[in-house]
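One structure, pasted below without further comment.
Read the figures in this text as sums done on the coordinates, not as results from a lab. Fair warning: this is a prediction, and the values are worked out from it, not measured in the lab. Cβ coordinates were reconstructed from backbone atoms using ideal geometry, including for glycine residues, and neighbour counts include every protein chain displayed.
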Amino acid sequence: DLKHLIDSHDNYYKLMGEILSRYSTNSAITEKLFNGLFFSHNQVINFLNETLNSFEFTRNQVDELTQIWNRTMFLSIFENEFKKSKRTLEEFSLVFFDIDHCKEVNDTYGQDAGDYILQNTTKIVKDSLRVYDNIGRWGGEEFLILLPKTKLENAHTIVQRIKIEINKNIFFYN
């Protein structure tokens, strides 16, 4: 929530403006005004640090190329779902898939073309999932999808729908 940061920033500059105005007119700068500026400054710095830390935390959870969960984060999500499933006896499905012929694409058209295929395919898959499903990159061109509260036959239907969406696309690179 950046509203707190924006509000603190606005308050800081308002107080700074008041202090500069008083300084330029040789008016007294009260202890209360100075303490308010000091407190506001610290608040802005703290909110900035919290915001930066949240970006860093997210960056370490997401695969840089595909913008989906990385292996470590996906395993953590999977572990939580597994524990929940044992506790509630609710079923879930885990789907493993890979993208065929990635090596040939890389060898023929270059690494950038292979990356383009990975990025666009994972976007199609991600857009085809329900909001509470999760996709993660296992490695290379291998991926996992976690489908909570999903029996095997329903998972099969979801996978077929995703496969149809992928097959609708023709990828053009340069």
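Each residue of segment 30-46 in order: what ³J(HN,Hα) in whole Hz does its phi give by Karplus 6.51 cos²θ - 1.76 cosθ + 1.60, θ = phi - 60°, with x for Gly and Pro?
So the J values, rounded to whole Hz, are 6, 4, 4, 5, 5, 5, x, 5, 4, 4, 5, 4, 4, 5, 4, 4, 5.
Nearest 10 degrees is fine. How inclined is helix 152-167 to the longest principal axis of the chain, computing both from alpha carbons?
Result, in degrees: 80.
In terms of modelled amide H atoms, which long-range or inter-chain residues lie less than 5 Å from the amide H of VAL62?
When sequence neighbours closer than 5 places are left aside, the close amide H contacts are ASN70.
Between the helical axis of 71-88 and the dominant principal axis of the chain, each derived from Cα atoms, what acute angle in degrees is found, rounded to the nearest 10?
It is inclined by approximately 80 degrees.
In a GNM of the chain with a 10 Å cut-off on Cα contacts, which of ASP98, ASP63, ASP107 has the highest mean-square fluctuation?
With Cα springs under 10 Å in the chain, the top fluctuation among ASP98, ASP63, ASP107 is at ASP107.
On to the next question. Report the normalised scattering of the chain as log10 I(q)/I(0) at q = 0.15, 0.16 Å⁻¹, calculated by the Debye formula with identical scatterers on the alpha carbons.
-0.90, -0.97
Pick out, from PHE143, ILE68, SER85, the residue whose Cα sits farthest towards the positive end of the charge dipole of the chain, with +1 on the Cβ of Lys and Arg and -1 on the Cβ of Asp and Glu.
After comparing all options, I get SER85.
Okay, moving on. Using the alpha-carbon centroid of each, what span in Å lies between segment 1-68 and segment 73-137?
Taking the Cα centre of each part, segment 1-68 and segment 73-137 sit 38 Å apart.
May I ask you to order 4-10, 168-174 by the average number of other C-beta atoms within 10 Å around their residues, highest value first?
Order by mean packing, descending: 4-10, 168-174.
Now a separate question. Scale the Cα Rg of segment 1-92 by the rule-of-thumb value 2.2 N^0.38 Å and send over the ratio, two decimals.
Output field value: 1.88.
How many nm is it between the label spots at ASP112 and LYS149, if each spot is 7 Å from the Cα in line with the beta carbon?
Distance between label points: 4.5 nm.
Can you give the helix-only mean residue ellipticity at 222 nm for the chain, where every DSSP H stretch with n ≥ 4 adds -39500 (n - 2.57) and the sum goes over all residues, rounded to the nearest 500 deg cm²/dmol?
-21500 deg cm²/dmol
Nearest 20 debye, what's the magnitude of the dipole of the chain about its Cα centre given +1 on Lys and Arg Cβ and -1 on Asp and Glu Cβ?
Computed about the Cα centre, the dipole is about 600 debye.
Could I ask something else about it? What is the set of long-range amide H partners of TRP138 at a cut-off below 5 Å, with H atoms built 1.01 Å from backbone N?
PHE143, LEU144
Pairing the Cα long axis of helix 111-128 with the longest principal axis of the chain, what angle in degrees results, from 0 to 90 and rounded to the nearest 10?
90 degrees
What net charge do the residues around GLU153 carry, taking every other residue with its C-beta under 15 Å from that of GLU153, with Lys and Arg at +1 and Asp and Glu at -1?
Net charge around GLU153: +2.
What fraction of the DSSP beta bridges in segment 21-174 is antiparallel, stated in percent and rounded to the nearest 5?
Bridges in segment 21-174 that DSSP calls antiparallel: roughly 95 percent.
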